[in-house]
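Here the structure is laid out as structure tokens; the discussion comes afterwards.
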Amino acid sequence: MSPDSPMSYENLLYAVEGGVARITVNRPDKMNALNFSTITELGSAFDAAKADESVRAVILTGSGEKAFVAGADITELLAQAGNAKGAADLAAFGQGVFRKLEHLGKPSIAMVNGFALGGGCELALSCTLRTASTNAKLGLPETSLGIIPGYGGSQRLARIAGPGVAREWILTGDMFPAEEAHRVGVINRLFAPEDLEEGTQKMLKSILAKGPLAVKFGMELVLRGWDMDQTSGEALETEYFGKAAETEDMREGMSAFVEKRRAAFQGK
Ligand code: COA
């Protein structure tokens, strides 16, 4: 399959254009809720985006006007009631898929175009960055259903926005307007609905114009460092700083600055 040809999935749209893989969860009649087969397909799509050398970044979004992803499929979850082993296995499976996204080694942006609830919010939290339209609503409403987040959200939200925010979102189960999600740092950039696409593309373009290895190192550093104490994290930073200094991109970036021209990075 050529890098630019669309891949075919039942519940996803997958297309590569201009080095960006766009993955769209496509169950609009169910608010793009994540059933088991959709999560399985997401795993394959993340593998494909990782393996495809023409893909430099990923945009993840939801089909239709109303939802990014309104959570795990509650009908399927109900079938797990009373079955601790089945539910724990499902959580572990979903966590594994979401971890693939987080460890893609390429920047990913969740473009939150509507409801991002429960598993949908957790999916967005697994991306490198998040943009949202002002009409989006986010939250972890699992406690309203008598369960808790199961796809890594309790851990990622606490790391991204702090334990106070994670406790508020998990314990109240409230839905938060995108403005509030932006205020607490869950959403990086907020746009009017009609500007969401362009604003997200512009953010990605800015990232893709930078030294590719430096971007990769920066992502790895934050990801690996967030479980470390400050001293260990600084040791890791030192190591990456040294690695960056060995790249041709560093010479090119600094020469371009001195010569007052735009850098032509090669990712080497
Ligand atoms: N799982 C399964 N189906 C879902 C779903 C989910 N998480 N979220 C929405 N749907 C389905 C609805 O059941 C409905 O299906 P139907 O037309 O066959 O009845 C369809 O999507 C449209 O949803 P509806 O509730 O009618 O739309 P709305 O605009 O009134 O409300 C939401 C939108 C997102 C507020 C509401 O659907 C909702 O609260 N969803 C559940 C959110 C949640 O708790 N997620 C966490 C799961 S762990």
Taking 0.36 nm per intervening residue step and subtracting the Cα-Cα distance, what contour gain separates GLU179 from SER44 on full extension?
-> 45.3 nm
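Neighbouring Cβ atoms within 10 Å as the yardstick, rank CYS127, CYS121 fewest first. Each step should come with its number before you reach the end.
Details: CYS127 22, CYS121 34.
By the 10 Å Cβ count, ascending: CYS127, CYS121.
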Compute the normalised compactness of region 50-150: alpha-carbon radius of gyration over 2.2 N^0.38 Å, N being the residue count.
-> 1.14
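Measure up LYS216/LYS260; LYS66/LYS100; LYS30/LYS216; LYS85/LYS106; LYS202/LYS268; LYS137/LYS243 against 30 Å on the Cα-Cα distance and list the ones that go over.
On the way: LYS216/LYS260 25 Å; LYS66/LYS100 26 Å; LYS30/LYS216 35 Å; LYS85/LYS106 34 Å; LYS202/LYS268 24 Å; LYS137/LYS243 40 Å.
Pairs exceeding 30 Å: LYS30/LYS216; LYS85/LYS106; LYS137/LYS243.
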State, to one decimal in nm, how far the label point of GLU17 lies from the label point of ALA79, with both points 7 Å from Cα in the Cβ direction.
-> 3.5 nm
So how do TRP226, TRP169 line up by other beta-carbon neighbours within 10 Å, fewest first?
-> TRP226, TRP169
Please label the shape of region 20-106 as rounded, prolate or oblate, based on the square roots a ≥ b ≥ c of the eigenvalues of the alpha-carbon gyration tensor (a/c under 1.5 means rounded; beyond that, a/b larger than b/c means prolate, else oblate).
-> oblate
Just grab the label-to-label distance for LEU236 and ALA192, each label 7 Å out from Cα along the Cβ direction, in nm (one decimal).
-> 4.1 nm
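Note the per residue figure in Å³ for the convex hull of the C-alpha positions in region 129-202.
Numbers: hull volume 6.3 nm³, N = 74.
Cα-based convex hull of region 129-202, divided per residue, equals 86 Å³.
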Positive minus negative residues near PHE257 (Lys, Arg vs Asp, Glu; Cβ under 14 Å) = +2
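Could you rank the peptides 185-195, 135-145 by their average count of other C-beta atoms within 10 Å per residue, with the highest value first?
Values: 185-195: 16.5, 135-145: 21.2.
Peptide ranking by packing, descending: 135-145, 185-195.
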What net charge do the residues around HIS182 carry, taking every other residue with its C-beta under 11 Å from that of HIS182, with Lys and Arg at +1 and Asp and Glu at -1?
-> +1
Ratio of Rg to Rh over the chain (Cα coordinates, Kirkwood Rh, two decimals) = 0.98
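How much length is gained on full extension from VAL222 to LYS66, taking 0.36 nm per residue of separation minus their Cα-Cα distance? Write out the running numbers ahead of the final one.
Working: separation 156, 0.36 × 156 = 56.16 nm, distance 3.21 nm.
Difference between extended and current length: 52.9 nm.
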Calculate the spin-label point distance for LYS268 paired with GLU246, positioning each point 7 Å from the Cα along the beta-carbon direction, and give it in nanometres.
-> 1.6 nm
Which FRET efficiency, nearest 0.05, do HIS103 and VAL258 yield, Cβ-Cβ r, R0 51 Å?
-> 0.90
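Every number here is computed from the coordinates shown, using simple stated rules; none is lab data. The structure displayed is predicted, hence computed values, not measured ones. For neighbour counting, all protein chains shown are included, and Cβ atoms are generated from backbone atoms with ideal geometry for every residue, glycine included.
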